[in-house]
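Below is one structure, written out as structure tokens; the observations come after it.
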Amino acid sequence: MSEIHDNQRVGVYVDVQNMYYSAKNLYSSKIDFDKLLDAAVMNRDLIRASAYVIKADTPDEENFFEALRRMGYEVKTKELKEFYGGQKKGDWDLGMTVDMIQQAKKLDTIILVTGDGDFAVLVDHLKSMGCRVEVMSFGKSSAKEIREACDNFIDMDENPNKFLVDR
């Protein structure tokens, strides 16, 4: 496992919906995505920061997306799908996976911000490609599989005020 050093080229990939609902359910609060990015990068060389969001036509949605862009995120949007019978679905798992695999050869460290255990197989693959993989999420809402697969798990529950708005 490689160690953290100043010259590391890092990419940060944020599963916005996963983090939004974790903060809401655990702390009745919202994520401060600017603080989250600073904590993830840790004075290393940020190559790319991507935020994956689902468009749900809610008030102030575009303002939120624009705020993410001003913080330095590339915002990737996908429409919320509504199926016959009213079921709704929107996730970026496959898109995030493809982006990370394609960009891994230009990065030393990939920082995945999610607690979704479905990404554990991806984490193993990225490590086999030679990348250090760090995962940031609230430990209480993170799958055991992803916490165990990564090189370093940053448990946001250890200092939630550092990552939440107005706390």
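Numerical summary
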quantity	calculated
P(r) tail fraction, segment 9-162 - alpha-carbon pairs more than 19 Å apart, %	52 percent
Ordering of 150-158, 12-20 by burial proxy (mean other Cβ atoms within 10 Å per residue, highest first)	12-20, 150-158
Charge context of Phe138, other residues only, Cβ under 9 angstrom, K/R +1, D/E -1	-1
Sum of -39500 (n - 2.57) over DSSP H runs of 4+, divided by residues of the chain (222 nm, nearest 500)	-10000 deg cm²/dmol
Residue order, fewest to most surrounding Cβ atoms within 10 angstrom, among Thr109, Thr97, Thr58	Thr58, Thr97, Thr109
Cα convex hull volume per residue for segment 32-109 (Å³)	102 Å³
Helix 93-103 axis, angle to the chain major axis (alpha carbon atoms, nearest 10°)	30 degrees
Chain lengthening between Ala67 and Leu80 when straightened (0.36 nm per residue, less Cα-Cα)	2.6 nm
Net lengthening on full extension, Ser128/Glu3 (0.36 nm per residue, minus Cα-Cα)	43.4 nm
Segment 86-167 - percent relative contact order, Cα under 8 Å, separation 6 or more	26 percent
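A short reminder: the numbers here are calculations on the coordinates, not readings from a lab. Just so we're clear, the structure is a prediction, and the values are computed from it rather than from any experiment. Every residue, glycine among them, receives a Cβ derived from its backbone with ideal geometry; neighbour counts consider all protein chains shown.
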